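Asks: Submitted below is the structure of interest, expressed as structure tokens.
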Amino acid sequence: MLCQGGERTLLPSRQNQTHGQDGIFAVIVAIAFAGLTHAQGSLDPKSRQELKRADLTGTNMEVIISVIENQPGETIERHIHHGEEAFYVLQGATLETADGKQITLPAGASAINRRDVPHAGLKVLGNTPFKYLAVHIVDKGAKLYDAPPK
């Protein structure tokens, strides 16, 4: 064990075993938790910058405003929201659907994705990142990005 100042302190062998087992258990729990967190959070874009979050007055919903920037080569995983999502394209890009169709979303384009309707599953093509402002009005406490039902 390291103490303050980097000195090593040895514990009696029985305590070493207990601490060793506790340490191994802690590492296993940490790895399992990290895997669970990664699995649950893998649909949330890694480059999403949340700008504002507030309760929607008189409801059990919240409004979340974010900027998302997907780099060329990245895939926007297919997902749903537990509420509505409106987006406005800040920097346009060409995207490819799962079946190989290419679509261009120019700056200034906008759309609304309805509650629990699967969308995305798109790959960013070319050299330009795809950047957009998203406004979500979703159930409070629910995952912002969730897997579509199977």
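The values are calculated or read from the model by the stated rules, or taken from the named source; none is laboratory data. Quantities reported herein were computed from a predicted structural model and do not represent experimental measurements. So basically every Cβ, Gly included, is an ideal-geometry build from the backbone, and we count neighbours across all protein chains shown.
Asks: Looking at segment 68-89 only, could you name the residues that are crowded, with 16+ Cβ neighbours inside 10 Å and either in contact (Cβ under 8 Å) with a residue 60 or more places away in the chain or more than 27 Å from Gly141 (Cβ to Cβ) (or both)?
Replies: Ile68, Glu69, Asn70, Glu74, His79, Ile80, His81, His82, Val89
Asks: Do we find a residue being more than 23 Å from Lys52 (Cα to Cα) and within 18 Å of the chain's Cα centre (by Cα) anywhere in segment 94-113?
Replies: Scanning segment 94-113, I find no residue that is more than 23 Å from Lys52 (Cα to Cα) and within 18 Å of the chain's Cα centre (by Cα), so the answer is no.
Asks: Now a separate question. Search segment 90-101 for residues being within 15 Å of Tyr132 (Cβ to Cβ) and of a type in the set (S, T, N, Q), and hand back the single one that is surrounded by the fewest Cβ atoms within 10 Å (Cβ to Cβ).
Replies: So the residue we want is Gln91.
Asks: Now, a different point. Residues to consider are Glu62, Glu69, Glu96; find the one that is of a type in the set (Asp, Glu) and more than 23 Å from Gly126 (Cα to Cα).
Replies: Result of the check over Glu62, Glu69, Glu96: Glu62.
Asks: Inside segment 88-119, can you point out the residues that are hydrophobic (A, V, I, L, M, F, W, C) and at pLDDT 95 or above?
Replies: Those that are hydrophobic (A, V, I, L, M, F, W, C) and at pLDDT 95 or above: Val89, Leu90, Ala93, Leu95, Ile103, Leu105, Ala107, Ala109, Ala111, Ile112, Val117.
Asks: Identify all residues within segment 90-141 that are part of a strand (DSSP E or B), hydrophobic (A, V, I, L, M, F, W, C) and in contact (Cβ under 8 Å) with a residue 40 or more places away in the chain; write none if there are none.
Replies: Matches in segment 90-141: Leu90, Leu122, Val124, Leu125, Phe130, Leu133, Ala134, Val135, Ile137, Val138.
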